[in-house]
Every structure is written in structure tokens, then in C-alpha cells.
């Protein structure tokens, strides 16, 4: 700003001139659509929260509050994190049963904590989530999380388990459609 000109911020409402600019003022809160990048951030944060919950006796509320306080996640990502974490926790027994079916040689309690939670999130998103996320996106995100946070070959394990799941669900879809058609 040049010297001698002082602007008082915030500007009073009279400077908005809604009648001239065709602006309406409302109290409605509009949340922007969460982008793909933001969903990746939400999955990474959810994995960190699930990992902490799986390895400590901390409460869900304490872990979520601590994470939201410490991280720079945007407000719009927090509902996605909450939905994913709560969905996994509420369906953990069912998810673990399916996971055990697709990785029978690895008892669920012996699968690395990171890998187990990556698979739980992917299974939840693929099988139980109300919102539709394309399967290739779910698999790719899970493999990337395993590559980034897992052991050396974790991404191969995650990809193999999710590959078997997606092959079975892709095969079951036409069969279910045929059954529904015949009924």
C-alpha cells in the first residue's frame, strides 16, 4: 500500500454494494467437493489414526482430536477422515473375516499393523462404503500407502489380496445380475 492511504479491514458491509454486484449474503455453509488429492490426504491421515488406535489404548476421540490439532488438514478433509475411520472401526470384525478369507495363510493378528489397516480401509471402501469410489482408485491408493508406509514387499502383499478381492467381486457382479433378472 502507498503511504497516506489507510484501509480499514475488514471492510464494512456498505462497501460490498450487493445491489450493484448482484451478490446475495446468506448464512448457508457450502462445502467444496473434496478433490482426489484431498482424498489421498484423508486416506493417509486415516491410516495414521487407525495405526495409533491399533497399537495403543488411546480413545478414538483423543486420537482424532490430537491428529486434527497437529496436522494441517483442511476442514473439508476431516469429514472424509471421520467417515473412513469410523466405517473401518464399526465394521472391523466383518472386514477382518473377509480379509482372513482372502489371505488365509496370514492370521489377521500376525499381519503387519500397517498392512492390516491399509487392507481394512480398502475393504471398507470397496465393499461397505455408501459413496462409490472406483475400484482401481481404491487399489492404487492402497498400494501407494503400502509402498510409502509398509515394509519392503508390503505393496505386493496388499496388491495381491486386493487383486483377489476385486477379481471375485467382478465375477460375482454378473452372476448377481443374472439371478436378479431370473427372479
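Among the candidates 83, 43, which residue alone is touching a helix residue (DSSP H, G or I) at 6+ places or on another chain (Cβ under 8 Å) and surrounded by 13 or more Cβ atoms within 10 Å (Cβ to Cβ)? It would help to see each step written out before you state the result.
Details: 83 fails: touching a helix residue (DSSP H, G or I) at 6+ places or on another chain (Cβ under 8 Å).
That would be 43, the only listed residue that is touching a helix residue (DSSP H, G or I) at 6+ places or on another chain (Cβ under 8 Å) and surrounded by 13 or more Cβ atoms within 10 Å (Cβ to Cβ).
Of the residues in the range 86-99, how many are closer than 17 Å to residue 164 by Cα and surrounded by 14 or more Cβ atoms within 10 Å (Cβ to Cβ)?
We begin by selecting, within the range 86-99, every residue closer than 17 Å to residue 164 by Cα; these are 95-99.
Of the ones still in play, those that are also surrounded by 14 or more Cβ atoms within 10 Å (Cβ to Cβ) are 95-96, 98-99.
Within the range 86-99, residues that are closer than 17 Å to residue 164 by Cα and surrounded by 14 or more Cβ atoms within 10 Å (Cβ to Cβ) number 4.
Determine whether residue 79 is free of Cβ contacts under 8 Å to residues at least 60 places away in the same chain and either assigned to a helix (DSSP H, G or I) or at positive phi (or both). Before the answer, list the steps.
Working: free of Cβ contacts under 8 Å to residues at least 60 places away in the same chain: yes; either assigned to a helix (DSSP H, G or I) or at positive phi (or both): yes.
For residue 79, the condition - free of Cβ contacts under 8 Å to residues at least 60 places away in the same chain and either assigned to a helix (DSSP H, G or I) or at positive phi (or both) - is met.
Enumerate the pairs (first residue in the range 45-61 and more than 19 Å from residue 96 (Cβ to Cβ); second residue anywhere and part of a helix (DSSP H, G or I) and at pLDDT 95 or above) with beta-carbon separation below 7 Å, excluding pairs fewer than 6 apart on the same chain, so at least 6 apart or on different chains.
Matching pairs, first to second residue: 58/52.
Can you say whether residue 98 is in a helix (DSSP H, G or I), at pLDDT 90 or above and over 17 Å from the mean Cα position of the chain (by Cα), as far as the supplied structure shows? Can you show your working first?
Details: in a helix (DSSP H, G or I): yes; at pLDDT 90 or above: yes; over 17 Å from the mean Cα position of the chain (by Cα): yes.
When the stated conditions are applied, residue 98 passes them.
Determine which member of the set 123, 68 is without any contact (Cβ under 8 Å) to a residue 40 or more places away in the chain, part of a helix (DSSP H, G or I), surrounded by 16 or more Cβ atoms within 10 Å (Cβ to Cβ) and under 15 Å from the mean Cα position of the chain (by Cα). Give the steps one after another, and end with the answer.
Working: 123 fails: without any contact (Cβ under 8 Å) to a residue 40 or more places away in the chain.
68 is the lone residue from the list that is without any contact (Cβ under 8 Å) to a residue 40 or more places away in the chain, part of a helix (DSSP H, G or I), surrounded by 16 or more Cβ atoms within 10 Å (Cβ to Cβ) and under 15 Å from the mean Cα position of the chain (by Cα).
Being part of a helix (DSSP H, G or I), at pLDDT 95 or above and over 21 Å from residue 53 (Cα atoms) narrows it down to one residue among 88, 137, 143; which is it? Walk me through it before giving the result.
Numbers: 88 fails: over 21 Å from residue 53 (Cα atoms); 137 fails: at pLDDT 95 or above.
Criteria check complete, one pass: 143.
The values are calculated or read from the model by the stated rules, or taken from the named source; none is laboratory data. Please read all numbers here as calculations on a predicted model, not as lab measurements. Please note: Cβ atoms are built from the backbone with ideal geometry, for glycine as well, and neighbour counts cover all protein chains shown.
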